[in-house]
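The values are calculated or read from the model by the stated rules, or taken from the named source; none is laboratory data. Every value quoted in this text rests on a predicted model; they were computed, and no experiment measured them. Cβ: placed from backbone, ideal geometry, glycine included. Neighbour counts: every protein chain shown.
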Amino acid sequence: MKTALVTGITGQDGSYLAELLLEKGYHVHGVVRRSSTFNTSRIDHIYRDPHEADARLFLHYGDLTDGQNLTNLVLDVQPDEIYNLGAQSHVRVSFDVPAYTVQTVGIGALNVLEAARQLNKTKPTRVYQASSSEMFGEVKETPQTERTPFSPQSPYACAKVYAFHQTVNYRKSYDMFASNGILFNHESPRRGETFVTRKITRAATRIKVGLQEKLYLGNLDAKRDWGYAKDYVEGMWRILQHDEPDDFVLATGETQTIRTFLDYTFGTLDLDWNQYVEIDPRYFRPAEVDLLLGDYSKAKAKLGWSPTISCKELAELMVQHDMVLAKNEAASK
């Protein structure tokens, strides 16, 4: 029975990954930040009393910026696999808190790698680093592959580039099994509500039931390659099961504008988004990324991985979930 350590376990990807690993028989240890309120809602359904004999999910307080704590935890847990998913991951917010973003994304990844290096002296462990399509930024070629040059356009993306190269550096310098998953945008009903897709589906369903009148957005012409988060955590796991450490793009190979995502979402509810959406300059990035489109052929060939649902199906899935929330909210008023 394998043991995995997951940073960012309370996030969208972390919660889906924890489910997947438990289904595969793993013991799963998650790192959570101390907060004055509980932030474990995404994993409450799989968490049980850790003192029970058959418990396999365990949570530990920690922070990616605390390297000593991470090293102590890794040496204590002795994981076979480490998935570094934790970060300040909102691109627009990274312009407001650049130093904190770099500390959690960049230095945080370095802290994880260094902890893994210490464990590797006595026990081999495999490390997955959550890299991002935002690293491509002002893209040099389309579609983007594992060989496309990076051109980051935000503090978040710059920090992810640093983390990517440190992962490659540790792989080469210390003969570690350290791999990058370059994931393009991936969404789900568990996506945070400040991210544009979930912001749209939450607003559309609230508008449908009369709880909201307007939705304020930024650049509607930005093009993104949107996939389903549950597919992508399967890809993460496959990356660490591969014979050799390597870097892989996970994407759908299709791109849509935010306008198209609005069409999918509001169309599912028989609404015309043009009547409800207004542009707010506050949501524009200082440096915009206009087009992201991934080529996942390497992951398909070497890992047998492919996306399972389209962007339109994803939007419908998210609307279905958020309509339940909107109706419950309306009923409680």
Residue count for the stretch 168-202, restricted to those that are of a type in the set (Phe, Trp, Tyr) and farther than 19 Å from residue 134 by Cβ: 3
Of all residues making up the stretch 294-308, the number that are under 19 Å from the mean Cα position of the chain (by Cα), more than 17 Å from residue 236 (Cβ to Cβ) and either in the same structural domain as residue 204 (by TED's automatic domain parsing) or small (Gly, Ala, Ser) (or both): 0
Breaking point among (1) at pLDDT below 95; (2) within 20 Å of residue 191 (Cα to Cα); (3) of a type in the set (Gly, Ala, Ser), for residue 315: (1)
Of all residues making up the stretch 194-230, the number that are under 13 Å from residue 319 (Cα atoms) and not in a helix (DSSP H, G or I): 1
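Residue by residue, here is whether (1) in contact with a Pro (Cβ under 9 Å, 6 or more places away or on another chain); (2) closer than 17 Å to residue 14 by Cα; (3) of a type in the set (Ser, Thr, Tyr) holds:
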site	(1), (2), (3)
75	no, no, no
90	no, yes, no
95	yes, no, no
102	yes, no, no
Whichever residue in the stretch 245-290 is loosely packed, with under 15 Cβ neighbours inside 10 Å and without any contact (Cβ under 8 Å) to a residue 40 or more places away in the chain and, among such residues, is farthest from residue 311 (Cα to Cα): 275
Members of the stretch 39-58 that are touching a residue at least 12 places away in the same chain (Cβ under 8 Å) and closer than 15 Å to residue 26 by Cβ: 43, 46, 47, 56, 57, 58
Some residue of the stretch 206-225 being surrounded by 24 or more Cβ atoms within 10 Å (Cβ to Cβ), in contact (Cβ under 8 Å) with a residue 24 or more places away in the chain and in contact with a helix residue (DSSP H, G or I) (Cβ under 6 Å, 6 or more places away or on another chain): no
Residue match in the stretch 262-282 (condition: farther than 16 Å from residue 203 by Cα and in contact with a Gly (Cβ under 8 Å, 6 or more places away or on another chain)): yes
Residue in the stretch 258-277 that is in a strand (DSSP E or B) and either within 18 Å of the chain's Cα centre (by Cα) or modelled with pLDDT of 95 or more (or both) present: yes
Residue among 301, 287 that alone is in a helix (DSSP H, G or I) and among the small types (Gly, Ala, Ser): 301
Residue that is nearest to the chain's Cα centre (by Cα) [pool: residues in the stretch 1-60 that are surrounded by fewer than 17 Cβ atoms within 10 Å (Cβ to Cβ) and small (Gly, Ala, Ser)]: 41
Within the stretch 64-106, tally of residues that are surrounded by fewer than 20 Cβ atoms within 10 Å (Cβ to Cβ), touching a strand residue (DSSP E or B) at 6+ places or on another chain (Cβ under 8 Å) and closer than 30 Å to residue 288 by Cα: 0
